[in-house]
Amino acid sequence: MAQYMLISHHPMEAPQDVEFSPEMIQAVIQKYNAWTEKLRGANRLAGLNKLQPEPGRHLRGHGASQVVTDGPYAETKELIGGYWLITADDYDQAVELSRDCPSLEFGGRIEVREVEEL
Amino acid sequence: MQESSNSRIDGLVDHLFRHQAGQMVSSLTRIFGPQHLDLAEEVVQDALLKALQIWPFRGIPENPSGWLVQVAKNRALDLLRRESSLQSKSQELLRSLSAGPELHPSSGALDDELNMIFMACHPSIPRESRIALTLKTVGGFGVREIARAFLARDSAIAQRVVRAKRLIREKQITFELPDPRELPARLDSVLEVIYLLFNEGYTAHTGENLVRRELCEEAIRLGGLLVTHDASGLPKCHALLALMLFQAARLPARIGKDGELLTLAEQDRALWDRRSINRGFYHLDHAAQGPEMTEYHMQAGIAACHAAAESHETTDWGRIVQLYDRLRELNPSPVVALNRVVALSRVYGPEAAIRELEEISEHAALGHYHLLPATMGELLSELGQIEKAAVFYRQALDCPCSDPERRFLLKKLEALTGRRPRGPGHPRSEI
């Protein structure tokens, strides 16, 4: 058993061609709820956090040449939305548990990384 | 309407967002003014999207509606400070928005929603746009949802909504209920829109999508709003509501296991929604108070006869004929006449009905209406005149009709040419 971080990346631009009606928004929220409750119910949800949906700040370099800019990198078209911390036996299982994460239905991607026991 | 099993777990009843959106858009339109309908929608959409961002992580709040209202209020206040076009009203709006936890005055969100429907049905707005605007605002439907329901393109619906909003700005249409002189006409147009909505959901005009239940439910919900308010709770509103409730009660029984439409005679009445029927009778009662007798009254009465009958055979056809007689006085359309003939055949037999039917056939308007030859075919087959009946069924198949209707006619034709029919069938005039 180990902990895995499911990092949620999503495009900065919301998809233009998809209209989010109230009914649809509710359906998505209910899907998220069902997914997290499933993890919680199986005692696999160790934590979660949402990040403010904004580019934030970027630091680079040190000393005199340190630069702070509005993040992220100019080329990036994605934003990290947040993460879930789950427990699983291995990567395969972590991936299985991530498959029905609702953000995957809306152009997002999930990066799964094992947390190292220190 | 049943709650899905999820709603008990996550606290979100079916269509909560849709209905909440409808309420909030209505109230914010009152607060910002009808010319700022776009802003009202923007505020509401922002609030819903915020919920979409936050609730998956923070969980669904104890009071989801309250959360949405609070966020919408904050967003509205932001907008107020930013939008110069709202500056002139800003003091009163700030007061309006800051007071109390709700967006609407204590008399209720009901008033705001009702005002919204009445505004959407203003005579300057073309009928299609009235329907689209009503569904988009009070209904809380998305453009795509409306388009799918009406088998139209997204762009067509979007255009109708844009047009309605533009007319509201140009004609400076106000949010209040029309004054007493205009109210009756406006109310009639509201009833018409609601009934159009219901019919769109209830029947199929083309293709496979037979029943669009959500439109029916929305029409019933809007009808329910109407009758709760004094200014609009007239007997004819109760009549329309009763009619819709009786018809909607039959929805669970209308589709056979092969996906085809079942006639009243074929439907398993045990599947009819009793609660809807009871509500129907409650409103039918209220419809009876007062002197006005409208088409809705007659149609509701006819639907009530069916609802009250244990079986097709024991239906009070005599009373139905009487009601059709009166309906025909109010609406001499050939379609009404046709439906009357069918009821008549139950009381006076097929020959009498055929004579009446021959008279109606003269009517040009029925030229390509498949039910006319289909009804003739049915009556003739009851008399045992198989060949003649088959001719008429084939004629019916030449007329434009939906796929399920086509299958129904083919089924009838095969039954005729395959073997002699046993007992009385019933033409599909009422389902």
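The values are calculated or read from the model by the stated rules, or taken from the named source; none is laboratory data. This is a predicted model, so every value here is computed, not measured. In this analysis, Cβ positions are derived from the backbone assuming ideal geometry, glycine residues included, and neighbour counts consider all displayed protein chains.
Out of the residues in the stretch B:25-79 that are of a type in the set (V, I, T) and farther than 20 Å from B:L167 by Cβ, state the one that is surrounded by the most Cβ atoms within 10 Å (Cβ to Cβ). Out of the qualifying residues, it is B:V44. A:K31 falls short on exactly one of the conditions (1) within 13 Å of chain B (Cβ to nearest Cβ); (2) part of a loop (DSSP other than H, G, I, E, B), and that condition is (2). The helices (runs of 4 or more DSSP H) found entirely in the stretch B:14-104 that carry 2 or more residues being under 23 Å from B:E176 (Cβ atoms) and modelled with pLDDT of 95 or more are B:16-32, B:37-58.
Residues that are at pLDDT 90 or above, surrounded by 14 or more Cβ atoms within 10 Å (Cβ to Cβ), of a type in the set (D, E) and not in a loop (DSSP other than H, G, I, E, B): does the stretch A:58-78 have at least one? Checking the stretch A:58-78: not a single residue is at pLDDT 90 or above, surrounded by 14 or more Cβ atoms within 10 Å (Cβ to Cβ), of a type in the set (D, E) and not in a loop (DSSP other than H, G, I, E, B).
For B:R254, the conditions (1) at pLDDT 95 or above; (2) under 23 Å from B:Y296 (Cβ atoms) are fulfilled apart from (1). Only residues that are more than 9 Å from chain B (Cβ to nearest Cβ) and touching a strand residue (DSSP E or B) at 6+ places or on another chain (Cβ under 8 Å) were counted across the stretch A:34-53, and they come to 7. Filtering the stretch B:131-144 to residues that are surrounded by 24 or more Cβ atoms within 10 Å (Cβ to Cβ) and in a helix (DSSP H, G or I) leaves B:I131, B:A132, B:L133, B:T134, B:L135, B:K136. Among the residues of the stretch B:241-257, is any in a loop (DSSP other than H, G, I, E, B), among the hydrophobic types (A, V, I, L, M, F, W, C) and more than 24 Å from B:L187 (Cβ to Cβ)? The answer is no; no qualifying residue exists. What number goes with the only condition from (1) closer than 15 Å to A:M12 by Cα; (2) surrounded by fewer than 16 Cβ atoms within 10 Å (Cβ to Cβ) that A:S103 does not pass? It fails just one condition, (2). Could you tell me whether A:E78 is more than 27 Å from A:F20 (Cβ to Cβ) and of a type in the set (D, E, K, R)? It is false that A:E78 is more than 27 Å from A:F20 (Cβ to Cβ) and of a type in the set (D, E, K, R). Of B:L191, B:L215, all but one fail to be outside any loop (DSSP other than H, G, I, E, B), within 14 Å of chain A (Cβ to nearest Cβ) and hydrophobic (A, V, I, L, M, F, W, C); the exception is B:L215. In the stretch B:105-128, the residue that is nearest to B:R221 (Cα to Cα) out of those that are surrounded by fewer than 13 Cβ atoms within 10 Å (Cβ to Cβ) and at pLDDT below 65 is B:S107. Pairing residues of the stretch A:77-96 that are among the polar types (S, T, N, Q) with residues that are at pLDDT 90 or above and not in a loop (DSSP other than H, G, I, E, B), at Cβ distances under 8 Å and at least 6 apart in sequence or on separate chains, gives A:T87/A:A2; A:T87/A:Q3; A:T87/A:Y4; A:T87/A:A46. If you go through the stretch B:145-193 and keep only what is surrounded by fewer than 17 Cβ atoms within 10 Å (Cβ to Cβ) and either closer than 26 Å to B:L241 by Cα or in contact with a strand residue (DSSP E or B) (Cβ under 7 Å, 6 or more places away or on another chain) (or both), you end up with B:R148, B:L151, B:E176, B:D179, B:P180, B:R181, B:E182, B:L183, B:P184, B:A185, B:D188, B:E192.
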